[in-house]
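Structure record follows, encoded as structure tokens.
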Amino acid sequence: MFGLIGKMRAARGQRDAVMDVLRETTGALPGCLSYIIATDPADADAIWVTEVWTDQASHKASLQLPQVQAAIAKARPFIAGFEFQIETHPVGGFGLPDQKTG
């Protein structure tokens, strides 16, 4: 599996607008096992996104889908920036298939 944990910053007061776009476009992406959007209780403009994909190729391919491209264009005016993105290798958990490590 392939995972990403990222923090983005919405333009001041636009966090809900960005989250609305993310929620509208995150259903049924091929290879996406989990896509969690979260607020930061200590930062009114921060959005955390935690993703789990079957593999890195599925994530990369999703960025070319017309609905994802449209969502990026729609949200871009409301995004101030991206603070960081961390790549992970999920090995399982509630709702995810077990993976053998090693």
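Per-residue ellipticity at 222 nm computed for the chain from its helices equals -8000 deg cm²/dmol, with DSSP H segments shorter than 4 residues left out and the rest contributing -39,500 (n - 2.57). Magnitude of the charge dipole for the stretch 2-88, about its Cα centre and with charges confined to Cβ atoms of Lys, Arg (+1) and Asp, Glu (-1), is about 240 debye. Between the residues 67, 48, 13, the greatest Cα displacement towards the positive end of the dipole of the chain, with unit charges on the Cβ of Lys, Arg, Asp and Glu, is found for 67.
The local environment of residue 74, defined by Cβ-Cβ distances under 13 Å, has a net charge of 0 under the rule Lys, Arg +1 and Asp, Glu -1.
Which whole-number percent is the relative contact order of the chain (Cα, under 8 Å, 6+ apart)? Kindly include the intermediate steps, with their values, before the conclusion.
Working: 170 pairs, mean separation 44.1, N = 102.
Rounded, it is 43 percent for the chain.
Taking Cα atoms only, the orientation of helix 15-25 departs from the longest principal axis of the chain by about 40 degrees.
Got a sec? Which residues in the stretch 61-102 would a label at residue 34 touch, if it sits 7 Å along Cα→Cβ and we count backbone N under 13 Å? The answer is 88-99, whose backbone nitrogens lie closer than 13 Å to the label point. Across all Cα atoms of the stretch 9-63, the radius of gyration (one decimal) and Dmax (whole number) stand at 12.5, 34 Å.
Every number in this text was worked out from the coordinates using simple rules, so none of it is lab data. Here the structure is a predicted model, which means the values were calculated and not measured. Note that we place each Cβ from the backbone using ideal geometry, even for glycine, and neighbour counts take in every protein chain shown.
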